[in-house]
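The values are calculated or read from the model by the stated rules, or taken from the named source; none is laboratory data. The model shown is predicted, which means the values in this text are computed figures rather than measured ones. Reconstructed Cβ throughout: ideal geometry from the backbone, glycine too, with neighbour counts over all protein chains shown. All accessible areas refer to the heavy atoms of the entire protein, side chains included, with ligands and DNA or RNA removed. Shrake-Rupley method; radii C 1.70, N 1.55, O 1.52, S 1.80 Å.
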Amino acid sequence: MKKIRKAVLPVAGLGTRFLPATKTVPKEMFPIVDKPSIQYIVEEAVQSGIEQIIFVNARGKEAIEDYFLKDHPQGKLLAEVQALAKLASIVTVRQKKPLGLGHAILCAKDLVGNEPFAVLLGDDLVDASTPCIRQLMRIFEEEKSSVIALMNVEKNQTPLYGIADASQRKTNPRVYDIKTLVEKPPQEKAPSTLAIIGRYVLTPEIFPILEDLSVGQGGEIQLTDALVKLAMVQKVLGYQYEGLRFDAGDKFGFLEANIYYALKRPEFRDRLIQALKRLEL
Ligand code: UTP
């Protein structure tokens, strides 16, 4: 089994939860304090040792790859972005129609080739001392199997997520052996409260499964359906990552993320606390 060198970042979604802003601007370009949210994701991948970033993008969202690849006359201001683009090569593949997350990942098949790879979804920002995808890569290195990031949610939140039916390892309580996964179950049918979030390490065996998959929930090719099939033929693990996660693809999650990341910045922290107190009155 090879080491994880490549990360697929699917960014071709329609962003309907964030309309009307996403009508002309990709949500991945919305700033969290002063950086587009996609930069946090690319930074996480690069800090985890990823050598190639594969964007799966759609027509009309070219601003995302342009941000990393195009020059700017005031180069100095952009040193941070240029450094990132130097640390990892950035390539893009087009998803012609938004046929779902599973289909988006399948679009990266030729660029990934026959090796295990990471997947990071732009909506999920995770602040952690060890980058979230690095935590999963460590488990992959030990176990040589696909790993899915899991987060414990309230029972009434299960209809919003893919939920794992899994058994916890005694030797490492953060690790779960996945039996199966259920996409957005009603709370009474949820096998657990362990929700899938947007970080995965996948073996290349996922590709033929995705190729054979028919359309699932919501008329889309679902990654969860492919993972269910993968778990029938290979070990698939869940990992309850350490860190704080924000759903920046959702209006409220985006607001929360902005406040959190601003509070972490010494130049904004005190002023922001004062401003929030004042607004509350
Ligand atoms: P979401 O289900 O959150 O879809 O996709 P979305 O379109 O981005 O957002 P909403 O729900 O309409 O508001 C999860 C991830 O998969 C990507 C998205 O860009 C996002 O990173 N995706 C989804 C694709 O790349 N292609 C697709 O066809 C669907």
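Return the total of residues in the stretch 189-204 being modelled with pLDDT of 95 or more, over 20 Å from the mean Cα position of the chain (by Cα) and either open to solvent by 50 Å² or more (accessible area, probe 1.4 Å) or under 24 Å from Ile4 (Cα atoms) (or both).
1
How do the helices (runs of 4 or more DSSP H) wholly within the stretch 44-163 filter down when requiring 2 or more residues that are touching a residue at least 12 places away in the same chain (Cβ under 8 Å) and under 20 Å from Ile221 (Cα atoms): which remain?
On the way: elements: 63-69, 79-87, 101-107, 109-112, 132-143.
Answer list for the stretch 44-163: 101-107, 109-112.
Take the residues of the stretch 1-11 that are away from the ligand (no atom under 12 Å from the Cβ) and open to solvent by less than 20 Å² (accessible area, probe 1.4 Å): which is farthest from Phe140 (Cα to Cα)?
Just the residues of the stretch 1-11 that are away from the ligand (no atom under 12 Å from the Cβ), to begin with: 1-7.
Going one step further and asking which of them are open to solvent by less than 20 Å² (accessible area, probe 1.4 Å), we end up with 4, 7.
Details: Ile4: 9, Ala7: 14 Å.
Looking at residues that are away from the ligand (no atom under 12 Å from the Cβ) and open to solvent by less than 20 Å² (accessible area, probe 1.4 Å), I get Ala7.
In the stretch 24-42, what residues are in contact (Cβ under 8 Å) with a residue 60 or more places away in the chain and among the charged types (D, E, K, R)?
Lys27, Glu28
What are the residues in the stretch 144-159 that are farther than 18 Å from Leu244 by Cα and touching a Lys or Arg at 6+ places or on another chain (Cβ under 7 Å), if any?
Of the residues in the stretch 144-159, the ones farther than 18 Å from Leu244 by Cα are 144-147, 155-156, 158-159.
If the condition is that a residue be farther than 18 Å from Leu244 by Cα and touching a Lys or Arg at 6+ places or on another chain (Cβ under 7 Å), then Ser145, Pro159 are the ones that fit.
Return the pair list, or none, for Cβ contacts closer than 9 Å from residues in the stretch 254-281 that are farther than 26 Å from Lys27 by Cα to residues that are of a type outside the set (Val, Ile, Thr) and part of a helix (DSSP H, G or I), at least 6 apart or on different chains.
Listed by first residue and then by second, the contacts come to Ile273/Leu263.
Going through the stretch 12-45 one residue at a time, which ones are open to solvent by 20 Å² or more (accessible area, probe 1.4 Å) and of a type in the set (A, V, I, L, M)?
Leu14, Leu19, Ala21, Val25, Met29, Val33 - these are the residues of the stretch 12-45 that are open to solvent by 20 Å² or more (accessible area, probe 1.4 Å) and of a type in the set (A, V, I, L, M).
Those residues that are exposed (fewer than 15 other Cβ atoms within 10 Å of the Cβ), within 15 Å of Ile197 (Cβ to Cβ) and among the small types (Gly, Ala, Ser), I need them from the stretch 145-178; list them, please.
Correct list: empty.
Mind counting the residues in the stretch 104-123 that are over 18 Å from Ile148 (Cβ atoms) and within 10 Å of the ligand (Cβ to nearest atom)?
Selection size over the stretch 104-123: 1.
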